[in-house]
Amino acid sequence: MKKKTRKLTEPTRRIVWAKSAGRCQFQNCNIPLIGHLVAGNRGANKGYVAHIIADSPDGPRGDKKLSEKLENDPDNVMLLCDPCHREIDKENPDKYTAALLLEMKREHEEWVQTVLSAGPESRSHILQFSATIGANRTAVPIDECTRAIMPRKTPAATTPIEIKVRGTHFADDDPSYWAMEIANLRHQIEAQQIKHRMEKGEIRHLSVFGLAPIPLLIEFGHLLSDISAATVYQLHREPQGQGWKWAEDEPAMGLQINKGRPGPEKVALKLSLSAKIDDSRVTSILGEDISIWEVTCPNPHNDVMRREDDLSSYRRLIRHTLEQIKEIHGPEAKLSVFPAIPVSCAIELGRVWQPKAHLAFDIFDQSGPNGFQCRHRIES
């Protein structure tokens with residue numbers, strides 16, 4: 001007669017629940033199963049303890065020798081939600097081998113151990129900023145943010161701090177869009193009281209994720225300012241599955257600066273990282289009597305910002321470049337910025353800018369067949 005999992009001893013059940021942190025151990029499920037036990041609602045307990053190698057040779061993944069030997073071994077038992085339990089034992093038992101389920105259990109328990117071993121200094125508030133890009137509404141999924149910051153950081157709250165700029169019916173190629181959305185952005189930043197909460201110690205660290213038009217991202221960074229206790233992340237298109245997590249084993253991108261000629265009070269700074277920007281596109285707007293500076297890399301492309309160290313190098317280079325432009329061209333120079341940069345670089349440009357150390361600047365943004373258009377101005 002087949003033995004039931006209800007005959008597992010209570011100590012074994014407790015070990016399985018503890019090692020899983022009360023969450024489903026099926027790969028990429030991770031839903032909480034404890035329910036409202038604190039409130040005394042035991043009926044909300046949605047967890048199932050399930051054998052990997054069945055406790056009977058006739059059960060799923062059963063074995064004549066191992067079933068009896070491992071029937072009460074916590075290393076042979078997973079915690080699952082009802083759909084995942086049905087999936088492995090009733091709907092597709094042949095698909096889920098013992099080796100595959102053991103690997104799921106190992107990965108989940110290793111993840112739980114990593115998270116719970118981190119101290120208070122590892123806690124970071126996830127800050128998400130999103131706005132409409134063209135005809136597309138953007139979003140930053142919280143689970144992707146969580147994967148990106150771990151294991152070095154752990155979420156300080158179950159919900160992120162959200163800044164969503166989506167209230168206008170104007171598209172981002174409409175001049176009215178920029179004034180309204182920047183006002184909306186400023187209002188939301190003020191409402192969240194991020195700086196005040198950091199000063200009070202309520203927020204120790206920010207993990208920043210942004211998807212929005214470049215001028216809005218620069219203003220977003222400007223409003224955050226150069227808060228040292230913040231890490232900015234970048235969405236990666238390739239390889240699939242990397243998401244927002246920084247790569248660790250790729251070569252440096254090789255940033256470089258091309259200085260403009262001294263003399264003119266009118267200065268353009270091209271940021272050619274996602275794509276090259278030809279000088280003629282700048283002079284067609286600002287005229288020939290202009291000094292053109294450029295921050296670039298050997299191979300500009302859309303997925304160029306891969307490493308966190310490269311973003312740090314970019315921050316240092318941008319700060320140095322802005323200082324040099326003011327020193328060489330004087331405090332009355334008129335600076336225009338032409339960005340073709342990843343979202344993380346746009347945020348960091350706004351963060352490093354300092355009103356006393358750097359020139360105010362106009363931001364030009366590509367607007368379809370109309371070329372670059374002046375969209376916003378960064379000033380004190």
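The values are calculated or read from the model by the stated rules, or taken from the named source; none is laboratory data. Because the structure is a prediction, the values reported are computed rather than measured. Cβ placement follows ideal geometry from the backbone for every residue including glycine, while neighbour counts extend to all protein chains displayed. These area figures cover heavy atoms from the full protein model, side chains too; ligands, DNA and RNA do not enter into them. Shrake-Rupley method; radii C 1.70, N 1.55, O 1.52, S 1.80 Å.
For the range 373-378, the Karplus equation 6.51 cos²θ - 1.76 cosθ + 1.60, evaluated at θ = phi - 60°, returns couplings of 10, 6, 10, 7, 10, 9 Hz by residue, with Gly and Pro reported as x.
Please work out, to two decimal places, the log10 of the ratio I(q)/I(0) at q = 0.14, 0.25, 0.26 Å⁻¹ from a Debye calculation in which every Cα of the range 51-122 carries one identical scatterer. Per q value, in the given order, log10 I(q)/I(0) is -0.49, -1.14, -1.20.
If the chain between residue 289 and residue 240 were fully stretched, how many nm would it gain, using 0.36 nm times the residue separation less the Cα-Cα distance? Don't skip to the answer; put the middle values down first.
On the way: separation 49, 0.36 × 49 = 17.64 nm, distance 4.53 nm.
Computed gain between residue 289 and residue 240 is 13.1 nm.
Past 18 Å, Cα to Cα: identify those pairs from 164/245; 64/90; 266/326; 270/334; 259/334, in the order given. Walk me through the numbers before you get to the answer.
On the way: 164/245 22 Å; 64/90 20 Å; 266/326 11 Å; 270/334 14 Å; 259/334 16 Å.
Beyond 18 Å between Cα atoms: 164/245; 64/90.
Sorting 269-277, 153-161, 326-334 by average packing, meaning the other beta carbons within 10 Å per residue, from highest down gives 269-277, 153-161, 326-334.
Here the chain has 50 percent of its accessible surface on carbon and sulfur atoms, given a 1.4 Å probe and all protein chains in place.
Computed on the chain, with alpha-carbon pairs under 8 angstrom and 6+ residues apart, the relative contact order is 13 percent.
Shown for the chain: cysteine residues without a partner Cβ closer than 4.7 Å, namely 84, 145, 297, 345, 374. Using a probe of 1.4 angstrom and keeping all protein chains present, the accessible surface of the range 188-311 works out to 47 square angstrom per residue.
Evaluate E = 1/(1 + (r/R0)^6) for residue 256 and residue 147, where r is the Cβ-Cβ distance and R0 equals 30 Å; express this FRET efficiency to the nearest 0.05. Provide the component values of the computation, followed by the final result.
Details: r = 32 Å, r/R0 = 1.08.
Calculated transfer efficiency: 0.40.
Go ahead and run the numbers for FRET between residue 29 and residue 58, Cβ-Cβ distance against an R0 of 30 Å, rounding to 0.05.
Working: r = 27 Å, r/R0 = 0.90.
The pair residue 29/residue 58 has a calculated efficiency of 0.65.
For the peptides 358-366, 370-378, the ranking by packing is 358-366, 370-378, with the highest mean count of neighbouring Cβ atoms within 10 Å listed first. Placing unit charges on each Cβ (+1 for Lys and Arg, -1 for Asp and Glu) gives the range 236-302 a dipole about its Cα centre, and among 280, 298, 247 the Cα reaching farthest toward its positive end belongs to 280.
Write down Rg/Rh for the chain, rounded to two decimals, with Rg from the C-alpha atoms and Rh from the Kirkwood relation over Cα pairs.
On the way: Rg = 26.8 Å, Rh = 24.0 Å.
Answer for the chain: 1.11.
Below 12 Å, Cα to Cα, which aspartates and glutamates can residue 195 reach? Residues fewer than 8 away in the same chain don't count. Excluding near neighbours in sequence, the set is 226.
Evaluated on the range 173-238, the Kirkwood hydrodynamic radius is 13.3 Å, with distances taken between all distinct Cα atoms. Values of log10 I(q)/I(0) for the range 226-347 across q = 0.19 Å⁻¹ run -1.03, by the Debye formula with one identical scatterer at each alpha carbon and no solvent.
Estimated at 0.36 nm per residue, the fully extended path between residue 302 and residue 193 surpasses their Cα-Cα distance by 35.9 nm.
Based on the mean of other Cβ atoms within 10 Å per residue, sort peptides 236-247, 183-194 so the most packed one is first.
Going from most to least packed, we get 183-194, 236-247.
Taking amide H as placed 1.01 Å from N in the peptide plane, the amide H of residue 266 sits under 5 Å from that of 291, 334, each at least 5 places away or on another chain. Spin-label model, residue 327 to residue 249: label points 7 Å out along the Cα-to-beta-carbon direction sit 4.0 nm apart.
Based solely on its DSSP helices, what 222 nm [θ] is calculated for the chain when runs of n ≥ 4 H residues each add -39,500 (n - 2.57) and the sum is averaged over all residues, nearest 500 deg cm²/dmol? Mind dumping the intermediate values first?
Numbers: 11 runs with 123 residues, N = 380.
Value at 222 nm, helices only, nearest 500: -10000 deg cm²/dmol.
For the set 69/105; 69/153; 46/200; 46/69, the pairs lying more than 30 angstrom apart at their alpha carbons are 69/153; 46/200. Summing Cβ point charges (Lys, Arg +1; Asp, Glu -1) relative to the Cα centre of the chain gives a dipole of roughly 1360 debye.
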